[in-house]
1. Out of all DSSP beta bridges with both ends in the protein assembly as shown, state the antiparallel percent to the nearest 5.
2. At a Cα cut-off below 29 Å, give the lysines reachable from B:LYS163, other chains included and same-chain residues fewer than 8 away excluded.
3. Rounded to two decimals, what ratio of Rg to Rh does segment B:1-135 give with C-alpha atoms and a Kirkwood Rh?
4. Could you state the accessible area per residue of segment A:149-214 in Å², with a 1.4 Å probe and every protein chain left in place?
5. Could you sort B:190-197, B:162-169 so that the peptide with the highest average Cβ count within 10 Å comes first and the rest follow in order?
6. Measuring from centroid to centroid over Cα atoms, what is the spacing of segment B:97-132 and segment B:12-71 in Å?
7. Please give the helix A:192-204 orientation as an angle from the longest Cα principal axis of chain A, in degrees from 0 to 90, rounded to the nearest 10.
8. Among bridges DSSP assigns within chain B, what percent are antiparallel (round to 5)?
Amino acid sequence: MAATLLMHVEGQPAGLAGQRVEVRLTAEDGYTADREYSLARSGEPDRAEITVQAIDGGEVSPFLVEDIEVGVELQVRGPIGGWFVWRPEQTEPVTLIAGGSGVVPLMAMIRARRAAGSKAPFRLIYSVRSRDEMFYRSELRQPDPGVDVSVVHTREAPEGSPRPAGRITVADVNNGGWPPDFAPTCYVCGPTGFVESVADMLVALGHDPHHVRTERFGPTG
Amino acid sequence: MGIVTRGFRGRRGGGDVKLPPGQYLETGFPVLSAGPTPQIAPAAWAFEITTESGEEHRWSWVELQALPREDITVDIHCVTKWSKLGSRWTGVSLDTLLSGIDTQASYAMVHSYGGYTTNLPLDDLRNGQAWVAYGYDDRPLRPEHGGPARLLVPHLYFWKSAKWVQRLELLTEDRLGFWERAGYHAYGDPWREQRYAGD
Ligand SMILES: Cc1cc2nc3c(=O)[nH]c(=O)nc-3n(C[C@H](O)[C@H](O)[C@H](O)COP(=O)(O)OP(=O)(O)OC[C@H]3O[C@@H](n4cnc5c(N)ncnc54)[C@H](O)[C@@H]3O)c2cc1C
């Protein structure tokens, strides 16, 4: 299960697509827990939008997804990060590769591209267990000229899908992303193991490692 | 105390362990880096120290292995909030590597295969505080954790412990490295919670 939280923030900058915020929760006795969440949308003053996936047995994410109520106060710090970002000045092709909740900062990039009227050609490869676990499904289904989306189902493929369910392969990366000749910037985000294998595939396909940016969300490896 | 998050209780436990502020205890070994993992064969690996006057000192993989090795058991603290206690490493002390090198430098810029950089005061690399580590848990250090060899400076946040270490550039003036230019703290003491510039 996942939820998108729209937080009103006071006196915080709008941020770049790909940046994250640090969220601090404080219990009544002063106990605190901090977690990082990517901004799902950038460039909105006084607002921070995040999408959180509830991790079984997690300390913070099930609270944010299931228990939190409108009006509850949190501390938010950021935006943080100046590397895993896409700026509207960038004109080169972009390949986005997401595993699970790793789609959040990449969705922020797609939204930033749209908001800026950018013509930079984008391709998104989105790996999910099943159709039901896809974030932003209706938005990603809307045609967005210049943004090609391909979905890799790892556990359960939808009926009639030409690709059987299975982990992302070199062929998926090759077909769904820009070829290395186009010198795209590649952004890879998701769980550690996913990011490791996809980044290795990109390098094996001939992408310059300097054009491959990664963000790893855990779980721990 | 900060703003109370109504309804949040949190999970307790690990209460008898003393961690730096804001850190939580991790038993796995998370991987964090800015790009793909470089695959470097030990035969193609070498470590260099260059002084402020341009003098070069170089150790091949075999030469490094021939230096006195140390087993190091330390706690490590990542700026992304996890701490790992009692991690076990094998490597060569920077004291060994720096001995006999003539320098007036006060700073060091660490360079990695793949282009990563990070800066530290040279004093933080001396006196049994830093190693070039090539073993983890009695095994060769795996590529995703910085193998064949990484810097290990456990008293600072772990981004200072540069993976795939290639060269130490000794400097008379401080310069910022990769994450430090991207807004992270220039020094990074976990006990003073120096995460970002301005902390
Ligand atoms: C830069 C960055 C950006 C992030 N952005 C997002 C985001 O946009 N959306 C989002 O949902 N999460 C994001 N995360 C992950 C998030 O910070 C938390 O780790 C996650 O919500 C779990 O917190 P928790 O307190 O529920 O679990 P914890 O109580 O901390 O952990 C419980 C168990 O779950 C494991 N675990 C932790 N994280 C994950 C994970 N992501 N997948 C599977 N197992 C996990 C832990 O190893 C542990 O065993 C991001 C992390 C980083 C470092």
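1. Roughly 65 percent of the beta bridges in the protein assembly as shown run antiparallel, per DSSP.
2. Output for B:LYS163: B:LYS18, B:LYS81, B:LYS84.
3. On the way: Rg = 19.0 Å, Rh = 18.0 Å.
Checking Rg against Rh, the ratio lands at 1.05.
4. In whole numbers, segment A:149-214 has 49 Å² accessible per residue.
5. Output ranking for B:190-197, B:162-169: B:162-169, B:190-197.
6. Cα centres, segment B:97-132 to segment B:12-71: 12 Å.
7. Long axis of A:192-204 versus the principal axis of chain A: about 30 degrees.
8. Values: 34 of 39 bridges.
Restricted to chain B, the bridges split so that about 85 percent are antiparallel.
The values are calculated or read from the model by the stated rules, or taken from the named source; none is laboratory data. Computed from a prediction, not measured in an experiment: that's the story for all the values here. Here the Cβ is made from the backbone with ideal geometry for all residues, glycine too, and neighbour counts use every protein chain on show. The area values use the complete protein model at the heavy-atom level, side chains included, leaving out ligands, DNA and RNA. Shrake-Rupley method; radii C 1.70, N 1.55, O 1.52, S 1.80 Å.
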